[in-house]
Amino acid sequence: MKKASIIQKLVILGVYSLLPILFGGGDYQLRVLNLLVIFTLFTFSSNMIFGHTRQLFLCQGALVGIGAYLSVILSANLGITPWIVFLIGALVSGGIGSSLSMISSIRKLSIILVAVFTLSFQIIFGELIVGLRNITGGDEGFVIRQDIIPGTININRELTYYYVFVIILFAAILIYSRIINSHIGVAFKCITEDETAAAFVGINVVKYKVFSAFIGSFLFGLIGGIYAYYNLYIAPSMFNLQSTDTLILVMLVLGGMGTLLGPLLGAGVFALIFEFLRPLGQITTLVFGILLIILFVYFREGLVPWLKKLPALYKRL
Amino acid sequence: MIVEILLDGIAFGLMLSLLGVGVTLIFGLGEILNLAHGEFAVICAILAWVLMGAGAGTVLSIVLSLVIVGLIGVVIERFLLFPVYRAKGETRILMGIFVTLGLSLAVHSYLVNTLPTAQFSVRLPVTNIVVGGVILRPSSLATAAISVSVLMLLAFFLKKTYVGKAIRTVAQNETVAQLCGVNPANFRTLIFAIGAVMAGLAGILYGLIATVTPSVGFDLTIYALIVAIVGGVRNVYGTILSGIILGIVHSVSSFFFGTYISLVIFLVAVILIILLRPEGILGEKG
């Protein structure tokens, strides 16, 4: 790793560690920060799948949900400790994500067909969760009785979870930059530019797509499991298109696809806008939707590529 | 018995076709996958509900709301989508997806927050008709009749009139259409308005079978997308056929297995069709 890139990662770690102090340690602020880091991680996975290999997965909510439901149900019914179950949930989620990717890339589905294919899968998942109410609790959701952080120790629960998520985020950043700076990253770049041309120069497109889908879905499933234990409650409505996929994609496109800082910045700006608009009350989401349209039209490459171009624009003035 | 289920399925399927054809036409002309399509259906139905509450007659309020939805379509196309058309290729597809997604979020949250109690449904003042032991429900009959006549009108419009021919030219090849003196922008606006009106009509017809509330927009959009894509996203006749097939699958499976499993079977059918014929039911291999 180059020196600059090490410094960049340390700065990111430092900023995320200091955020709770900056915003004051109230429970509300910590909850917002926790959700911010959780969604940053989701956007990170999405960046892997959609940003780098252009597979528009609209089943991200289901992939998160598989991790969440699997870890909760397995540990509640079989009594396995959650920490092992997280890994099982993540592996199952990764397996499903990569098989969806394999089917769609072998059949050479176009970007829109992949979207509808995975969307159908996601709705089926939601229906199954509602239907199997004996195991999953159905529409009313599932309340988790045990916490993975023992309540007897006198520590701040929100703060502990926050640092758990930040450590995972840091690990994800390290693994991500490791992948992107290797030959795999070069292959990803070719695939985003032109898939047919990439296949012509001898890149196994299917292999790399499945690989990226596996990594992304694995992270989705892992975070899904921990998110469930953090929230202490899961319901099917948390894992559908409106409440997960839309938010993730908006954050990703806002930040800039295929960049390291894009997901971090996208999720951060999204959260800031949302918190600033909160005093508007009921029309928050309306203003938010309009703002999104404007941002998409004028910053369609995302904030990170735009910021990178800024010095050149400044010189021209 | 089976005849009645089939008829209900065909009526529901034709309503889906009305929704899907709009998506197909808009995508064919401008390469914009309209993720706000279901919201037009909801806007129209809720507008009709508001007008009916204000004292206008049922027919008058439905007609008025259809006209207003068409105008809303024109305004949105002219002021919101014109920057999208400047992009080309895959960027345009992605931008279209995200701009219409933002639009659908805005409309959805506005309607859900300002009119949470709105619900549109029309009950026809006619009793069930019995023909040879088969019970024909007037709502299904009316849905089927209106959808078929609108779809036939559309087919005639696209096949025979000058404007329709111009629209098909633009859909086939934008550059050549421009060389022939056809301005794609105007026809895109027209087709967007037609799509919006047809979606609005589908929303009204949905009110005959079920109840339209402000929150069903997302579901209707998903139905429209599925029908359009299963039919081959540029093929109008394929879309109509896929709507009918999926409607029959939906009603037959919901009769034999219950509503909960029927949605699963519906979606499994969608996945199978996508995997077996990625180019759509009537699509040609590209």
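The values are calculated or read from the model by the stated rules, or taken from the named source; none is laboratory data. Worth saying up front: this structure is predicted, and the values here are computed from it rather than measured. All Cβ positions, glycine included, derive from the backbone under ideal geometry; neighbour counts span all protein chains shown.
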**Request:** Report the residue count in the stretch B:273-286 for those that are buried (at least 16 other Cβ atoms within 10 Å of the Cβ) and more than 13 Å from chain A (Cβ to nearest Cβ).
**Result:** 2
**Fill in**
The lone condition A:Tyr230 fails out of (1) touching a residue at least 40 places away in the same chain (Cβ under 8 Å); (2) surrounded by 19 or more Cβ atoms within 10 Å (Cβ to Cβ); (3) in contact with a Leu (Cβ under 9 Å, 6 or more places away or on another chain); (4) on the phi < 0 side of the Ramachandran plot is (3)
**Message:** Given the condition surrounded by fewer than 20 Cβ atoms within 10 Å (Cβ to Cβ), within 14 Å of chain B (Cβ to nearest Cβ) and at pLDDT 80 or above, answer yes or no: does some residue in the stretch A:260-272 qualify?
**Reply:** no
**Message:** Yes or no: the stretch B:131-138 includes at least one residue that is part of a helix (DSSP H, G or I), away from chain A (no Cβ under 14 Å) and within 25 Å of the chain's Cα centre (by Cα).
**Reply:** yes
**Request:** Inspect all residues belonging to the stretch A:278-290 and state whether any of them is touching a Gly at 6+ places or on another chain (Cβ under 8 Å) and either within 14 Å of chain B (Cβ to nearest Cβ) or of a type outside the set (S, T, N, Q) (or both).
**Result:** yes
**Complete:** When the stretch A:86-104 is checked residue by residue, the ones that are surrounded by fewer than 19 Cβ atoms within 10 Å (Cβ to Cβ), among the hydrophobic types (A, V, I, L, M, F, W, C) and over 12 Å from A:Gly225 (Cα atoms) are A:Met102, A:Ile103
**Scope the stretch A:87-102; condition within 14 Å of another protein chain (Cβ to nearest Cβ) and in contact (Cβ under 8 Å) with a residue 12 or more places away in the chain; matching residues** = A:Ile96, A:Leu100, A:Ser101, A:Met102
**Lone qualifier among B:Glu39, B:Glu77 - being crowded, with 19+ Cβ neighbours inside 10 Å, closer than 26 Å to B:Lys165 by Cβ and in contact (Cβ under 8 Å) with a residue 12 or more places away in the chain** = B:Glu77
**Asked** Of B:Leu241, B:Leu179, B:Leu190, which residue is under 30 Å from B:Thr58 (Cα atoms) and out of contact with any Phe, Trp or Tyr (no Cβ under 7 Å at 6 or more places or on another chain)?
**Response** B:Leu190
**Request:** Filter the stretch A:233-288 down to residues that are polar (S, T, N, Q) and in a helix (DSSP H, G or I) and give me whichever is farthest from B:Val99 (Cα to Cα).
**Result:** A:Ser237
**Message:** Of the residues A:Arg107, A:Arg133, only one is within 14 Å of chain B (Cβ to nearest Cβ), surrounded by fewer than 17 Cβ atoms within 10 Å (Cβ to Cβ) and under 15 Å from A:Tyr69 (Cβ atoms); which?
**Reply:** A:Arg133
**Asked** Can you name the condition, by its number, that B:Val84 falls short on among (1) more than 14 Å from chain A (Cβ to nearest Cβ); (2) modelled with pLDDT of 85 or more?
**Response** (1)
**Asked** Listed residues B:Val236, B:Val264, B:Val270; which is buried (at least 20 other Cβ atoms within 10 Å of the Cβ), in contact with a helix residue (DSSP H, G or I) (Cβ under 7 Å, 6 or more places away or on another chain) and facing another protein chain (nearest Cβ under 10 Å)?
**Response** B:Val270
**Message:** Let me confirm something: among A:Ile248, A:Ile293, which residue is buried (at least 17 other Cβ atoms within 10 Å of the Cβ) and over 25 Å from A:Lys9 (Cα atoms)?
**Reply:** A:Ile293
**Prompt:** Looking at the stretch A:211-218, is at least one residue modelled with pLDDT under 95 and either in contact with a Leu (Cβ under 8 Å, 6 or more places away or on another chain) or in a loop (DSSP other than H, G, I, E, B) (or both)?
**Reply:** no
**Request:** Could you tell me whether the stretch B:215-233 includes any residue that is buried (at least 20 other Cβ atoms within 10 Å of the Cβ) and away from chain A (no Cβ under 13 Å)?
**Result:** yes
**Yes/no for A:Ile173 being part of a helix (DSSP H, G or I) and either among the β-branched types (Val, Ile, Thr) or under 23 Å from A:Lys9 (Cβ atoms) (or both)** = yes
**Message:** Name the single residue that is surrounded by the fewest Cβ atoms within 10 Å (Cβ to Cβ) among those in the stretch A:72-85 being of a type in the set (A, V, I, L, M, F, W, C) and touching a residue at least 24 places away in the same chain (Cβ under 8 Å).
**Reply:** A:Trp83
**Item:** Conditions (1) more than 22 Å from A:Ala228 (Cα to Cα); (2) touching a residue at least 24 places away in the same chain (Cβ under 8 Å); number of the one not met by A:Leu10
**Value:** (2)
**Prompt:** Can you name the residue in the stretch B:239-261 that is over 21 Å from the mean Cα position of the chain (by Cα) and surrounded by fewer than 20 Cβ atoms within 10 Å (Cβ to Cβ) and, of all such residues, is nearest to the other protein chains (Cβ to nearest Cβ)?
**Reply:** B:Tyr260
**Matching residues in the stretch A:21-32 - criterion: being in a helix (DSSP H, G or I), more than 21 Å from the chain's Cα centre (by Cα) and in contact (Cβ under 8 Å) with a residue 60 or more places away in the chain** = A:Asp27
**Message:** Would you confirm whether or not the stretch B:103-120 contains a residue that is more than 10 Å from chain A (Cβ to nearest Cβ) and either surrounded by 22 or more Cβ atoms within 10 Å (Cβ to Cβ) or assigned to a helix (DSSP H, G or I) (or both)?
**Reply:** yes
**Asked** From the residues in the stretch A:110-122 that are touching a residue at least 60 places away in the same chain (Cβ under 8 Å) and either more than 9 Å from chain B (Cβ to nearest Cβ) or aliphatic (A, V, I, L, M) (or both), which one is farthest from A:Thr53 (Cα to Cα)?
**Response** A:Gln122
**Item:** Qualifying residue in the stretch B:174-186 (condition: surrounded by 13 or more Cβ atoms within 10 Å (Cβ to Cβ) and either touching a strand residue (DSSP E or B) at 6+ places or on another chain (Cβ under 9 Å) or closer than 20 Å to B:Val227 by Cα (or both))
**Value:** no
**Asked** Quick one: in the stretch B:87-102, which of the residues that are of a type in the set (Gly, Ala, Ser) and farther than 24 Å from B:Val42 by Cα is farthest from the other protein chains (Cβ to nearest Cβ)?
**Response** B:Gly89
**Request:** Name the residue, out of A:Ala115, A:Ala76, A:Ala90, that is touching a Gly at 6+ places or on another chain (Cβ under 6 Å) and of a type in the set (A, V, I, L, M).
**Result:** A:Ala90
**Message:** I'd like to know if the stretch A:39-47 contains one or more residues that are crowded, with 21+ Cβ neighbours inside 10 Å, within 14 Å of chain B (Cβ to nearest Cβ), assigned to a helix (DSSP H, G or I) and without any contact (Cβ under 8 Å) to a residue 12 or more places away in the chain.
**Reply:** no
